[in-house]
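My structure is below; once you've seen it, I'll send some questions.
The values are calculated or read from the model by the stated rules, or taken from the named source; none is laboratory data. Everything numeric here is computed off the predicted structure, so don't read it as measured data. Every residue, glycine as well, gets a Cβ built from its backbone with ideal geometry; the counts of neighbours run over all protein chains shown.
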């Protein structure tokens, strides 16, 4: 089978969210002499963008988006040993700290964004749910984050997004980070009022917004 056909199979496996098929296709590509970085930049990333475009058009929904992200991760897992052997690294667009704010135990949306960020090559630290502002700030410093992503599903927990921004301001750290908010309770208007950036109405939009904020969009 030619490399062109194998590349097509890899693209189709991402679009179908088929983790098993993509593992086999990526192994075939490596055996046929394909280098890992071109495979990521020229095949995997465009395939994931294809999935995002289908989601934006309403052709795909969250389950398809999650499956595509999982397939992307499966492909990267196969490629990682080869990258290490060649002393190559996937160029990370940036470092993102993700957290569901204090008082909120809902994390499905955050987990989807985290999966898509990792599939897009971002380096991500996920603090989980019900995370106090002080911990978010200290971990962002330790992690050397470029972006802080805050999730709030409940309107009652939105003030903790504001508190995180205020704490960063008080400590003279606000200008170090892009701070995004998202989740069911978050709105563009509220983000603007507290001095944050709005991630978007869905996970793919959040990833696109973060890429744009770092000049990668």
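Every residue in the stretch 77-112 that is at pLDDT 85 or above, under 14 Å from residue 39 (Cβ atoms) and crowded, with 16+ Cβ neighbours inside 10 Å, please.
78, 79, 82
Return the residues of the stretch 41-65 that are surrounded by 18 or more Cβ atoms within 10 Å (Cβ to Cβ) and under 14 Å from residue 13 (Cα atoms); say none if nothing qualifies.
Filtering the stretch 41-65 for residues surrounded by 18 or more Cβ atoms within 10 Å (Cβ to Cβ) gives 43-44, 47-48, 51-52, 55, 60, 65.
Once the filter is applied, which keeps residues that are surrounded by 18 or more Cβ atoms within 10 Å (Cβ to Cβ) and under 14 Å from residue 13 (Cα atoms), the stretch 41-65 yields 43, 44, 47, 48, 51, 65.
Scanning the stretch 129-158 for residues that are under 19 Å from residue 177 (Cα atoms) and surrounded by fewer than 17 Cβ atoms within 10 Å (Cβ to Cβ), which turns out farthest from the chain's Cα centre (by Cα)?
134
For the stretch 178-199, enumerate the residues that are without any contact (Cβ under 8 Å) to a residue 40 or more places away in the chain, crowded, with 18+ Cβ neighbours inside 10 Å and in a loop (DSSP other than H, G, I, E, B).
Within the stretch 178-199, 185, 186 qualify.
Taking only the stretch 82-124 into account, find how many residues are closer than 21 Å to residue 152 by Cβ, assigned to a loop (DSSP other than H, G, I, E, B) and without any contact (Cβ under 8 Å) to a residue 40 or more places away in the chain.
So the answer is 1.
Sticking with this one: Answer yes or no as to whether residue 146 is in the same structural domain as residue 195 (by TED's automatic domain parsing) and under 18 Å from residue 215 (Cα atoms).
Values: in the same structural domain as residue 195 (by TED's automatic domain parsing): yes; under 18 Å from residue 215 (Cα atoms): yes.
Criteria met by residue 146.
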